[in-house]
Amino acid sequence: MPVVPMKDILDRALAERYGVAAFNIVNDLTIEAVLAAAVEEQAPVILQTSVKTVRMYGRPQLYDIVHTFADDVPVPVTLHLDHCPDRSVISDCLRGGWNSVLFDAHELDVAENLRQTTEVVAEARRTGAHVEGEIEGIQGVEDDVGSDDAPLVQSLEVAADFIKHTGVDCFAPAIGNAHGQYRQAPVLDAQRVSDLVAATGIPMALHGGTGLADEQFTDLIARGCAKVNISTALKESYMKSGLEFLREAGARDKWDPPSLFRHQRAAIVEMARRHIRLFGGSGRAW
């Protein structure tokens, strides 16, 4: 199946109250492994790219790698640009075939954020793409973007007005969630998700998923978090499985790169399948 619009994936998930796993891939191995997990679970999936990864590969090369693996898989896939404050990178990715972007302008005041996000939405529409919006930072640094400071949370009225006037297709609220590993069990304002969905009718995006309890995931998804981001768990699975394998290789003085790659792939597939099942995405492909 070719890459499909983000809105098609998220609107179905919101209506049926399941979550679509959005994995921050880092290279060809993680792309292929996440897609393999989605196929095994017969689930829609979102491949997310950070600005850092886009710049590392180059936009045309990264797009080609994604589509080499994604074009023939029999499940719905979409390609999303995560947390991007740089309008030039957003424009480049929209021209280059990305289906969705998160314009991260939370450091601007709300009025300027609204003005620029409205422009990004209009730009995305010209290529048939969709936009995730954000007016509050998600605590923690991810791929060199963000801050460890607690964000200023806007009122429900301000957030709903932003969503209505920008026309964003998805919204990332601050509810006590954070990027990276939590230092202690997070206390989440789950009711804010319910209130925003009731006020706007659009799906919410849950950031900072790694480290949440299973019960927190299922509750937030039931309330309308149709997009669930997983970044830290993928990076840890990829690197820790590699470290484990290399330690054993060193002890045996046996160095076989394909064996390393198979070990890492297996770890990513298992991690991705576990999250897809937890979010209720299994069997939801069309």
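What number, rounded to the nearest 500 deg cm²/dmol, is the helix-based mean residue ellipticity at 222 nm of the chain, given -39500 (n - 2.57) per DSSP H run of at least four residues and division by all its residues? Could you put the intermediate results ahead of the total?
Working: 11 runs with 145 residues, N = 286.
Calculated from helices alone, the mean residue ellipticity at 222 nm is -16000 deg cm²/dmol.
Could you report region 209-286's accessible area per residue, 1.4 Å probe, as an integer in Å²?
That works out to 50 Å² per residue.
Quick check: convex hull of the Cα atoms in region 71-132, volume per residue, rounded to a whole Å³?
Values: hull volume 4.7 nm³, N = 62.
Measuring per residue, one finds 76 Å³ for the Cα hull of region 71-132.
Looking at region 214-286, which trypsin sites (Lys or Arg not before Pro) are in a loop (DSSP not H, G, I, E or B) and have at most 14 other Cβ atoms within 10 Å?
Sparse-neighbourhood loop trypsin sites (Lys or Arg not before Pro): 254.
Name the residue farthest towards the positive end of the dipole of the chain from the options 217, 168, 152, assuming +1 on Cβ of Lys and Arg, -1 on Cβ of Asp and Glu, about the Cα centre.
Farthest towards the positive pole: 217.
Regarding region 1-121, what's the average projected area of the Cα-atom convex hull, expressed in nm²?
7.6 nm²
Which three extents, in angstrom, do the Cα atoms of region 219-279 have along their principal axes, listed largest first?
Per principal axis, max minus min of the Cα coordinates gives 52, 15, 12 Å.
From the mean inverse distance of alpha carbon pairs (Kirkwood) and the Cα radius of gyration, derive Rg over Rh for region 1-41.
When Rh is taken as the Kirkwood radius, the ratio is 1.00.
In debye to the nearest 20, how big a dipole does the chain give about its Cα centre with +1 on each Lys and Arg Cβ and -1 on each Asp and Glu Cβ? Mind showing how you got there, number by number?
On the way: 27 positive and 41 negative charges, 131 e Å.
Rounded to the nearest 20 debye, it is 640 debye.
Once you treat every alpha carbon in region 61-101 as an equal point and sum by Debye, what is log10 I(q)/I(0) at q = 0.23, 0.27 Å⁻¹?
Debye output, listed in q order: -0.78, -0.97.
Over the chain, what is the percentage of antiparallel beta bridges among all DSSP beta bridges, to the nearest 5?
10 percent
Using only the Cα atoms of the chain, what do you get for the radius of gyration and for Dmax, in Å?
Every Cα atom of the chain included, Rg and Dmax give 18.2, 62 Å.
Along the charge dipole of the chain, Cβ charges K/R +1 and D/E -1, which of 275, 48, 188 sits furthest on the positive end?
275
Would you please give the residues with an amide H less than 5 Å from that of residue 230, counting only those at least 5 places away or on a separate chain, with H modeled from the backbone geometry?
22, 23, 24
Tell me, what % of the accessible area of region 59-143 is carbon and sulfur with a 1.4 angstrom probe?
So the carbon and sulfur contribution to the accessible surface is 50 percent.
Give me the aspartates and glutamates in straight-line cross-link reach of residue 240: C-alpha distance below 14 Å, same-chain residues under 8 apart excluded.
248, 270
What's the ranking of 52-62, 21-31 by average number of surrounding C-beta atoms within 10 Å, highest first?
My ranking of the peptides, most packed first, is 21-31, 52-62.
With helices defined as uninterrupted DSSP H runs, which ones in the chain have an alpha carbon span along their own long axis of at least 27 Å and mean Kyte-Doolittle hydropathy of at least -1.0?
Working: long enough: 232-252 (30 Å, -0.49); 257-278 (32 Å, -0.41).
Span-like helices, by this rule, are 232-252, 257-278.
With +1 assigned to the C-beta of every Lys and Arg and -1 to the C-beta of every Asp and Glu, and no other charges, what is the dipole magnitude of region 1-90 about the Cα centre in debye, to the nearest 20?
In debye, rounded to 20, region 1-90 gives about 420.
Between 233, 251, 199, where does the largest GNM mean-square fluctuation fall for the chain, given springs only between Cα atoms within less than 10 Å?
Per the Cα network of the chain with a 10 Å cutoff, 251 tops the list.
The values are calculated or read from the model by the stated rules, or taken from the named source; none is laboratory data. Keep in mind it's a predicted model, so treat the numbers as computed, not measured. With ideal geometry, Cβ positions are generated from the backbone for all residues, glycine too; neighbour counts draw on all protein chains shown. What goes into the accessible areas is simple: the full protein's heavy atoms, side chains included, and nothing from ligands, DNA or RNA. Shrake-Rupley method; radii C 1.70, N 1.55, O 1.52, S 1.80 Å.
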